[in-house]
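Visitor: Below is a structure I'd like to ask you about.
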Amino acid sequence: MAERLVIRSGLEVMVSLAGRTARPALQPVPVRIGGFGGLEGLAAFLATERFDALIDATHPYAAAISANAVRAATACGVRFLALKRPSWAAIAGDRWTEVDDVCAAVKALGTAPRRVFVALGRKELAPFVEAPQHRYLIRSVDPVDPPLAVPHATYVLGRGPFGESDDRALLMTHGVEILVTKNSGGSATYGKIAAARTLGLPVIMLRRPKLAITAAASVETIDDAVAWLDHAFAH
């Protein structure tokens, strides 16, 4: 999104990142890193910096900031758009079990030892200590520190996009029997879903959280977001 907007005249663009990764991907525009201090802090930031529009392009599981973004923009009279990539949908060959949260995912693994590929992000691994009988393969952008307190865990670092062939090789190399992941949508991390289908592996899929408030304006593609901006600021 930033790459598309930086080349357009008449726009001053800023990207805001949560700061959850040590080395975020480089952006072609100024970047702000860190939280705002809740709804009030975000509203104050929008007002003080005199922004004209706010595009919520956060991860589909960042429900709190998405809700705050809608409320803050409304309170400040700032134009608001939600850019939300569509969910993945199971197709023929997929073996999904959908659950509401990580604790439910751990329970769905069962009691018998299994080789589990976990692709959730390092901040959400704690519940897996309740199931130490499994062997875990954990992928994250940054190192998991401290390591998960289980007897058997292997860590791999990586930043998407991940292709199907690479993920299939990863699963086969580690003898993975089941995956635990989020329904992130998009193509960057779909490789593991396609690989699991090819290998006939089951997937425990965390459902997307329900938003406390839904934006009136929402699109699914960057092209549509750019078109929305053009319309919003047409003279």
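Visitor: Identify, by number, the condition in (1) touching a helix residue (DSSP H, G or I) at 6+ places or on another chain (Cβ under 7 Å); (2) of a type outside the set (A, V, I, L, M); (3) surrounded by 15 or more Cβ atoms within 10 Å (Cβ to Cβ) that residue 4 doesn't meet.
Guide: Checking residue 4 against (1) touching a helix residue (DSSP H, G or I) at 6+ places or on another chain (Cβ under 7 Å); (2) of a type outside the set (A, V, I, L, M); (3) surrounded by 15 or more Cβ atoms within 10 Å (Cβ to Cβ), the one that fails is (3).
Visitor: Moving on. Of all residues in segment 147-202, how many are charged (D, E, K, R) and closer than 14 Å to residue 95 by Cβ?
Guide: Within segment 147-202, residues that are charged (D, E, K, R) and closer than 14 Å to residue 95 by Cβ number 3.
Visitor: Looking only at residues in segment 140-159 that are aliphatic (A, V, I, L, M) and part of a loop (DSSP other than H, G, I, E, B), which one is farthest from residue 193 (Cα to Cα)?
Guide: Among them, the one singled out is 149.
Visitor: Also, quick follow-up: Here are 176, 180: which of them is in a loop (DSSP other than H, G, I, E, B), touching a residue at least 40 places away in the same chain (Cβ under 8 Å), within 20 Å of residue 96 (Cα to Cα) and out of contact with any Gly (no Cβ under 9 Å at 6 or more places or on another chain)?
Guide: Unique residue meeting the criteria: 176.
Visitor: If a residue has to be surrounded by fewer than 19 Cβ atoms within 10 Å (Cβ to Cβ), touching a residue at least 60 places away in the same chain (Cβ under 8 Å) and not basic (Lys, Arg) to count, how many in segment 105-120 make the cut?
Guide: Within segment 105-120, residues that are surrounded by fewer than 19 Cβ atoms within 10 Å (Cβ to Cβ), touching a residue at least 60 places away in the same chain (Cβ under 8 Å) and not basic (Lys, Arg) number 1.
Visitor: Looking at 206, 170, 179, 229, which is the one that is aliphatic (A, V, I, L, M), farther than 27 Å from residue 84 by Cα, surrounded by 17 or more Cβ atoms within 10 Å (Cβ to Cβ) and in contact with a strand residue (DSSP E or B) (Cβ under 9 Å, 6 or more places away or on another chain)?
Guide: Sole residue among the options that is aliphatic (A, V, I, L, M), farther than 27 Å from residue 84 by Cα, surrounded by 17 or more Cβ atoms within 10 Å (Cβ to Cβ) and in contact with a strand residue (DSSP E or B) (Cβ under 9 Å, 6 or more places away or on another chain): 170.
Visitor: I'm trying to understand the selection: among the residues of segment 182-200, which are aliphatic (A, V, I, L, M), crowded, with 19+ Cβ neighbours inside 10 Å and under 24 Å from residue 152 (Cβ atoms)?
Guide: Passing the criteria: 195, 196.
Visitor: Taking segment 131-167, which residues are under 17 Å from residue 190 (Cβ atoms), charged (D, E, K, R) and modelled with pLDDT of 95 or more?
Guide: Passing the criteria: 139, 164, 166, 167.
Visitor: Could you check segment 102-139 and list, in sequence order, the residues that are among the aromatic types (Phe, Trp, Tyr) and over 20 Å from residue 193 (Cβ atoms)?
Guide: Result: 128, single match.
Visitor: Pull up segment 24-57, narrow it to residues that are touching a residue at least 40 places away in the same chain (Cβ under 8 Å) and within 30 Å of residue 205 (Cα to Cα), then point me to the one that is nearest to the chain's Cα centre (by Cα).
Guide: The extreme case among them is 57.
Visitor: Still on this structure: Just to be sure, is residue 74 buried (at least 16 other Cβ atoms within 10 Å of the Cβ) and of a type in the set (S, T, N, Q)?
Guide: No, not satisfied.
The values are calculated or read from the model by the stated rules, or taken from the named source; none is laboratory data. Keep in mind it's a predicted model, so treat the numbers as computed, not measured. Using ideal geometry, Cβ is built from the backbone for each residue, glycine included, and neighbour counts are taken over all protein chains shown.
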